[in-house]
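I have a structure here, written as structure tokens, and I will follow up with some questions on it.
The values are calculated or read from the model by the stated rules, or taken from the named source; none is laboratory data. Computed from a prediction, not measured in an experiment: that's the story for all the values here. Ideal geometry is used to build each Cβ from the backbone, glycine not excepted, and the neighbour counts take in all protein chains shown. Only protein heavy atoms, including side chains, enter the accessible area calculation; ligands, DNA and RNA are left aside. Shrake-Rupley method; radii C 1.70, N 1.55, O 1.52, S 1.80 Å.
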Amino acid sequence: MEIFLIRLLQFILAISLLVLLHEGGHFFFSKLFGVRVEKFYLFFDPSIWKWDGSLFKWKPKRSDTTYGVGWLPLGGYCKIAGMIDESFDTEQMKKPAEPWEFRCKPAWQRLLIMIGGVLVNFLLALFIYSMILFYWGDTYISPKDMTYGMKFNTEAKQLGFRDGDIMVGTDKREFKDFSVDLYRDLSEAHRADIIRNGKPMSIKLPGEISLLSMLKSEPSFARPFIPAVVDTVLPNTPAARYGLAKGDTIKALNGKAVDSQNELTFELGRLEDMLTGAKTKADSLRIRTATIVIARNKQLAEYKASHLDTVKTVLTEDVKFGFAPKALAQLYEPRHDDYSFLGSFPAGVKYGVGVLRGYVDDMKYVFSADGAKSLGGFGAIGSLFPATWDWYMFWKMTAFLSIILAFMNILPIPALDGGHVLFLLYEMITRRKPSENFMIKAEYVGIGLLMLLMIVANLNDILRWLGYM
């Protein structure tokens, strides 16, 4: 429960900040061009019976704007006078146009008002990334420093990769760290540069591997090779009860040889899948009763054991031994780049633009069956935040969500900023303004599409929670 609340608090704080600044962008340009803003709200405030839906509201003296907080935490809005938006205030549109209304302003001013929110979100993301680099710097482990190499799945091995290959880069660029960018480059590359047995070599790639299948396959296309060596033994666990000690190497599980922690994790995952189908306590006990072979007094670099011990133990209810291997940061020396205040801005812009480019490239998968299943709602977004309060991860996730919010809002869908921009561009090119009846119908269609997308995304969250996806 504590983890849930910490993630929920981070999610609400990040979304509130982003929504306020997004709507603030619309507000700024509206005020700049003399357009009246009637309401500026964080969260939505649909009325319930005799209640107007406001948790808080305030209207300063000599101001046309009411500021408030609604009860429905699904975003926020800035109600601009003389504009057809999600409020569907058609009564106002029937009245004679006033000079302080949105509809009376030149098209170029209306265009700036509409892109104001997207502009603020994008610039905010670049600023946050820059400040992250200035304050924390950039710490990462380069794949070419991972001397144990990688573990590859069957698909990767069919392309020519072998377990233990050290990945250097592709014909696109050298790999900086092990992240989704590495997978993205591999999916589009025609050549992968590796080091095998100390010798540089290249592998031909097709140039069109599905990034989604690379990420979703189990085991994944490539992952850092981690030796199955015990580093920490947790108290009151099967590992502690049966005397596993730091430095022990797991050589086999239930008669199947394992050459790494990656392989051991995969085999434990298979046991966990079997456990979900267990119908009786006896079945559960049989699946959780595991025989492991332990190597002691070994030479880690060559995996040669002076003697082996065979241990039979009952795993925990969630199929765990209760020990942890060394983390990547313990196996390899991380690299660290520091940035001056001025130097952080070009680095932050480069990083943010790269994040946006990758996100845009990945949108093509949304229109596939697997891509639709990968959509996530509020639960999926909230789970991206860490289980403990971490300001570095909070700001990094906030910047990422700001870029997503900017991109999604500029899509040419009615009811989104991008839909209004599309109609404004049409007006500027043809010198003809779309009719109010058409704009109202388009707004209904856009909201319908957005509601459908929200339902699908959050239904996916529920199905994953129930174990059906």
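If I fit a long axis through the Cα atoms of helix 261-276 and take the longest principal axis of the Cα atoms of the chain, what angle between them do I get, 0 to 90°, rounded to 10?
70
Taking the Cα centre of each part, how many Å lie between region 152-230 and region 27-69?
52
As an exercise, use a Förster radius of 41 Å and the Cβ-Cβ distance of K279 and L74 to find the FRET efficiency, rounded to the nearest 0.05.
0.45
Whole number please: convex hull volume per residue, Cα atoms of region 154-246, in Å³.
136
If you roll a 1.4 Å probe over the heavy atoms of the protein chains, what accessible area per residue do you get for the chain, in Å²?
Counting only protein heavy atoms, the per-residue value for the chain is 55 Å².
Quick one: pull the percent of accessible area on the chain belonging to carbon and sulfur, 1.4 Å probe, ligands and nucleic acids left out.
Accessible surface attributable to carbon and sulfur in the chain totals 63 percent.
Sticking with this one: How large is the accessible surface of R7 in square angstrom, using a 1.4 angstrom probe and rounding to the nearest 10?
80
When only Cα pairs under 8 Å and 6 or more residues apart are kept, what is the percent relative contact order across region 1-124?
Taking the mean separation of contacting Cα pairs over the length of region 1-124, I get 30 percent.
Right, next: Quick one: if you stick a label point 7 Å off each Cα along the C-beta vector at E317 and D52, how many nm between them?
Reported label-point gap for E317 and D52 is 5.1 nm.
Round to the nearest 10 and report in Å² the accessible area of W391, as given by a 1.4 Å probe over the protein chains' heavy atoms.
130
Given the pairs K151/K216; K144/K204; K172/K350; K79/K105; K57/K95; K39/K61, which span a C-alpha to C-alpha distance of over 21 angstrom in this model?
K57/K95
On to the next question. Could you order Y392, Y426, Y41 by accessible surface area, starting with the largest, using a probe radius of 1.4 Å?
The residues order as Y426, Y392, Y41, largest area first.
Here is a further query. For the chain, how big is Rg over Rh, using alpha carbon atoms and the Kirkwood form of Rh?
1.05
Taking each pair of different alpha-carbon atoms in region 204-329 once, compute 1/r for the pair, average those values, and report the inverse of that mean as the Kirkwood hydrodynamic radius in Å to one decimal.
15.9
A further question on this structure: Using heavy-atom solvent-accessible surface (probe 1.4 Å) with all chains present, what is the largest-first order of E155, E263, E218?
Ranked list, largest accessible area first: E218, E155, E263.
Which angle from 0 to 90°, rounded to the nearest 10, does the C-alpha axis of helix 391-409 make with the longest principal axis of the chain?
Here the helix axis deviates by roughly 50 degrees.
Of the DSSP beta bridges with both residues in the chain, give the percent that are antiparallel, rounding to the nearest 5.
Percentage antiparallel, nearest 5: 90.
Let me ask something else. So if I restrict to the alpha-carbon atoms in region 241-293, what is the Rg, and what is Dmax, the biggest pairwise distance, in Å?
According to the Cα coordinates of region 241-293, Rg and Dmax are 12.3, 37 Å.
Here is a further query. Taking the Cα centre of each part, how many Å lie between region 317-335 and region 336-355?
The distance from the Cα centre of region 317-335 to that of region 336-355 comes to 30 Å.
Let me ask something else about it. At R0 = 56 Å, how high is the FRET efficiency between N254 and M363 if r is their beta carbon distance? Nearest 0.05 is fine.
E between N254 and M363, to the nearest 0.05, is 0.85.
Could you name the lysines whose alpha carbon sits less than 17 Å from that of K312, not counting residues in the same chain fewer than 8 places away?
K251, K256, K320
In degrees from 0 to 90, rounded to the nearest 10, what is the angle of the helix 436-466 Cα long axis to the longest principal axis of the chain?
Tilt relative to the chain: about 20 degrees.
Modelled label-to-label distance, L450 and K144, 7 Å Cα→beta-carbon offset: nm?
Using points 7 Å along Cα→Cβ, the separation is 4.7 nm.
Let me have the 222 nm mean residue ellipticity of the chain computed from DSSP H runs of 4+ only, each contributing -39500 (n - 2.57), with the sum over all residues rounded to the nearest 500.
Calculated at 222 nm, the ellipticity per residue is -15000 deg cm²/dmol.
Give me the accessible area of D138, 1.4 Å probe, in Å² rounded to the nearest 10.
20
Answer with one residue from F266, V118, G24: the one whose Cα lies farthest towards the positive end of the charge dipole of the chain, charges on Cβ with Lys, Arg +1 and Asp, Glu -1.
Highest projection toward the positive end goes to F266.
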